[in-house]
1. Take the residues in the range 233-260 that are assigned to a loop (DSSP other than H, G, I, E, B) and touching a Leu at 6+ places or on another chain (Cβ under 7 Å), then tell me which one is farthest from K30 (Cα to Cα).
2. Within the range 91-100, does at least one residue satisfy the condition of being within 17 Å of L159 (Cβ to Cβ) and out of contact with any helix residue (DSSP H, G or I) (no Cβ under 6 Å at 6 or more places or on another chain)?
3. Name the helices (runs of 4 or more DSSP H) wholly inside the range 133-232 in which the number of residues that are over 16 Å from M34 (Cα atoms) is 1 or more.
4. Quick check on the range 47-75: of everything there that is surrounded by fewer than 20 Cβ atoms within 10 Å (Cβ to Cβ) and among the hydroxyl-bearing types (S, T, Y), which residue is farthest from L189 (Cα to Cα)?
5. Condition (residue is of a type outside the set (A, V, I, L, M, F, W, C) and under 30 Å from D168 (Cβ atoms)) applied to the range 104-117: is it met by at least one residue?
6. Could you list, in sequence order, all residues of the range 4-48 that are in contact with a Lys or Arg (Cβ under 6 Å, 6 or more places away or on another chain) and closer than 15 Å to N70 by Cα?
7. Within the range 124-134, can one find any residue that is among the acidic types (D, E) and surrounded by 18 or more Cβ atoms within 10 Å (Cβ to Cβ)?
8. Show me the strands (runs of 3 or more DSSP E) found entirely inside the range 1-120 where at least 2 residues are hydrophobic (A, V, I, L, M, F, W, C) and within 20 Å of D161 (Cβ to Cβ).
Amino acid sequence: MKDEMVRTSALRREYGELVAVKDMDLSVPKGAVMALVGPNGAGKSTLLKMLSAVLEPTRGTAVVNGVDINVNPRGVHASVGFLPDFFGLYEELTVGEYLEYFARAYGVPRGRRENVISRTLADVDLAGKAGARVQALSRGMRQRLAIGRTLLHEPPLLLLDEPASGLDPESRHDLQKLFTRMAQAGKTLIVSSHILTELEDYCTHVAILREGTLVACGSLAEVRSTIVKKRRVRVRAAGGTAAALALLLAAGQEGAYAEAGSVFFDFSGDDEKLSNILKRLLDGGVKVLHFGEEGGGIQDTYLASLEKKI
């Protein structure tokens, strides 16, 4: 479909008797920032390698930006910037020489290389570092340089395997800002990571893998609705918890309870019914300071998926 960046069909990869990816049907819309989550051995890295057309599937296929990975892998390479979980940097080169090397490898025309490299350095917050030796860069700078390498040929899709691995909190924050800018620029991202709470700051979609099988896929709200049937709602009101708790209990929220200055209750209805509860609180004279769902992010949804047999 024209609105899809990635579509897999019965995609499968075997390593001898081990099935790393099991007949996967996955859809990623254009412009999405998809978190690819799952335990070690779930098939995340294998999936990314197949989508980048550097690893052939055992059977099945994927279409990436309109190009079939089996029919035209070179065409897929033109559309994809792939950062594997273990990447090499040429230590003796300068940053500029490193990017020049990959710009040539990607086929960037000679007349455009200087501008492309300058723009890329700015994009990954390495402007002014063109003359620095790669070996002298901090780990965070090295990670951004590796991501810059994937941007040189201006691909619409970025596949990033554990890009924040081993980074300190400040470097991870810088990386989040970079991904947010790339998403705002219209790129589609698929990001595999174990740091689930940080994915929530910039991801719009999630795909959960377990033992090579796609457990759930879609927008975070869609996936959560298939896995978590009840939402935990928190209410904070001026003047304490007594009035809000009494009204919630009277409204049929029998499990409502007060804790640490707020009232909590589990809710399984739709948004309209939830808004009616808020209206009841306001009509009852409760001065509501906060009324909203607790949790519901990627980490909560993933942890819930581990408890649910799908």
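1. Taking the range 233-260 as the starting set, the residues that turn out to be assigned to a loop (DSSP other than H, G, I, E, B) are 238-241, 251-256, 260.
Subset that is touching a Leu at 6+ places or on another chain (Cβ under 7 Å): 238, 256.
Working: A238: 44, A256: 41 Å.
Among those that are assigned to a loop (DSSP other than H, G, I, E, B) and touching a Leu at 6+ places or on another chain (Cβ under 7 Å), it is A238.
2. Within the range 91-100 (the criterion being within 17 Å of L159 (Cβ to Cβ) and out of contact with any helix residue (DSSP H, G or I) (no Cβ under 6 Å at 6 or more places or on another chain)), the answer is no, since none of the residues qualifies.
3. Details: elements: 139-151, 169-184, 196-199, 220-227.
Correct list: 139-151, 169-184, 220-227.
4. Here is the first cut: in the range 47-75, the residues surrounded by fewer than 20 Cβ atoms within 10 Å (Cβ to Cβ) are 54-56, 58-61, 63, 65-68, 70-75.
Add one more test, that the residue is among the hydroxyl-bearing types (S, T, Y), and what stays is 58, 61.
Details: T58: 25, T61: 20 Å.
By that ranking, first place goes to T58.
5. Of the range 104-117, the ones of a type outside the set (A, V, I, L, M, F, W, C) are 104, 106-107, 109-115.
With the extra rule that they be under 30 Å from D168 (Cβ atoms), the set shrinks to none.
No.
6. If the condition is that a residue be in contact with a Lys or Arg (Cβ under 6 Å, 6 or more places away or on another chain) and closer than 15 Å to N70 by Cα, then R12 is the only one that fits.
7. Residues of the range 124-134 among the acidic types (D, E): 125.
Imposing the further condition that a residue be surrounded by 18 or more Cβ atoms within 10 Å (Cβ to Cβ) reduces the set to none.
The answer is no; no qualifying residue exists.
8. Values: elements: 4-15, 18-24, 27-29, 33-37, 59-64, 80-83.
Once the strands (runs of 3 or more DSSP E) in the range 1-120 are filtered for at least 2 residues that are hydrophobic (A, V, I, L, M, F, W, C) and within 20 Å of D161 (Cβ to Cβ), what remains is 4-15, 18-24, 33-37, 59-64, 80-83.
The values are calculated or read from the model by the stated rules, or taken from the named source; none is laboratory data. Just so you know, these numbers come straight off a predicted model, no measurement behind them. We place every Cβ from the backbone using ideal geometry, glycine too, and count neighbours over all the protein chains shown.
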